[in-house]
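Let me begin by presenting the structure, written as structure tokens, before commenting on it.
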Amino acid sequence: MNANHDDAGVLADDVVFTIMGTGEEYHGPQAVLGMLHYFYRVAFDATARGTNLIVTDGQACLEAMAEGAHIGEFAGIPATGREVSVPLCVVYDFAGDKLRRGHVYMEMPVLMAQLGVTA
């Protein structure tokens, strides 16, 4: 749970991350790392600041704030330079010490409002 967004060593070979709001899936360590790199280093210069963590046998749930600057295209929106602070939650499934699944929930209405996009 303390790994950076660039540590393939914590990911199972068959890891799948699902963006729950869109159903978009990323299969395999390189796809998951690519998605995380794009969000945290290309579209945003951001970090995830954990606020709550619940761990049980084989599962964990992280509540966090994605915080940083909008530096690149995201969801068709060119870089605005705006600072964002967006609630997110990720539910993780583990097999031993490897991450097998991640279900990502992000408050997209909050993010879009902070980027200046209105409904």
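The values are calculated or read from the model by the stated rules, or taken from the named source; none is laboratory data. Not measured: the values here are computed from a predicted model. Cβ placement follows ideal geometry from the backbone for every residue including glycine, while neighbour counts extend to all protein chains displayed. SASA here: full protein model, heavy atoms, side chains in, ligands and nucleic acids out. Shrake-Rupley method; radii C 1.70, N 1.55, O 1.52, S 1.80 Å.
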(message) Given the options 77, 71, name the one that is touching a strand residue (DSSP E or B) at 6+ places or on another chain (Cβ under 6 Å) and within 22 Å of residue 42 (Cβ to Cβ).
(response) 71
(request) Could you look through region 16-49, keep only residues that are touching a residue at least 40 places away in the same chain (Cβ under 8 Å) and touching a strand residue (DSSP E or B) at 6+ places or on another chain (Cβ under 6 Å), and pick out the one that is farthest from residue 85 (Cα to Cα)? (result) 16
(request) Might you let me know whether region 87-110 holds any residue that is farther than 14 Å from residue 17 by Cβ, hydroxyl-bearing (Ser, Thr, Tyr) and at pLDDT 95 or above? (result) no
(request) Filter region 79-119 down to the residues that are assigned to a loop (DSSP other than H, G, I, E, B) and of a type in the set (S, T, N, Q), then identify the one that is most open to solvent (accessible area, probe 1.4 Å). (result) 118
(request) Might you let me know whether region 56-67 holds any residue that is over 15 Å from the mean Cα position of the chain (by Cα) and either basic (Lys, Arg) or under 20 Å from residue 21 (Cβ atoms) (or both)? (result) no
(request) Return yes or no: is residue 76 within 20 Å of residue 24 (Cβ to Cβ), open to solvent by 40 Å² or more (accessible area, probe 1.4 Å) and of a type outside the set (A, V, I, L, M, F, W, C)? (result) yes
